[in-house]
Amino acid sequence: MRALLAASALLFTAAPGAAIQHHGDGPVAMLAGKPVNCVRLNQILRTKVRDGATIDFVMRSGQVYRNSLDGGSCPGLSSERRFLYKTSSGDLCSYDTITVLRDTGPSRGARCGLGSFQPVTLTKR
C-alpha cells in the first residue's frame, strides 16, 4: 500500500518544463523552477486574474509567479477580476489572504487564502 501511495505521489509531482493546467483563459504556463512561499511586494509590477482560482503575479524582473489559491476557487474572483491584499511585512506570502473587490459600491467580496508562488514561463497556445 505504501509503495502504491509513493508511486502515485511521484505521478503528481510536476517537473520543470511541465505545463500547469487551469480552466481560465490565456497562455499556457510552463514550470520554471521550485515554488516559493513569498514574493516581495515592491517587486510586483502587476497581477492578472486567470480564473477563480488562479492569479499570475508579474514581477519587475519579468518573472511570473502563478498562484493557485488554497482551497480552490474564490467566489466572485473570476467575474470581478479585482482583489486586494493586506500584509504587515514587505512580502506577500502563501499564508496571506486576498479579498475580492466588487465592482458595485464599496462592498467587498470573499476572502480567500493564497497558495505557494510557482515560477512559470508563459507561452501562447
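Tabulated values for the structure
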quantity: Using θ = phi - 60° and Karplus 6.51 cos²θ - 1.76 cosθ + 1.60, couplings along segment 107-118 (whole Hz; Gly, Pro as x); calculated: 6, 10, x, 5, 10, 9, x, 7, x, 6, 9, 9
quantity: Nonlocal amide H pairs with Gly52, under 5 Å, H built at 1.01 Å; calculated: Ser78
quantity: Shape of segment 85-125, Cα gyration tensor, a/c cut at 1.5; calculated: oblate
quantity: Long-range HN-HN contacts of Leu101 with modeled amide H, under 5 Å; calculated: Arg82, Phe83, Leu84, Gly109
quantity: All lysines inside 18 Å of Lys86 as judged from Cα atoms, apart from same-chain residues fewer than 8 positions distant; calculated: Lys48
quantity: Rough spin-label spacing in nm, given labels placed 7 Å along Cα→Cβ, for Lys124 and Val36; calculated: 2.9 nm
quantity: Nitroxide proxy distance, nm - points 7 Å out along Cα→Cβ at Ser89 and Arg111; calculated: 1.9 nm
quantity: In nm, spacing of pseudo-spin labels at Val28 and Leu101 (7 Å Cα→C-beta vector); calculated: 3.4 nm
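We did not get these values from a lab; they are worked out from the coordinates using the rules stated. Note that the coordinates shown come from a computational prediction; the quantities given were computed from them, not determined experimentally. Positions of Cβ are generated from backbone atoms using ideal geometry, with glycine treated the same way; all protein chains shown enter the neighbour counts.
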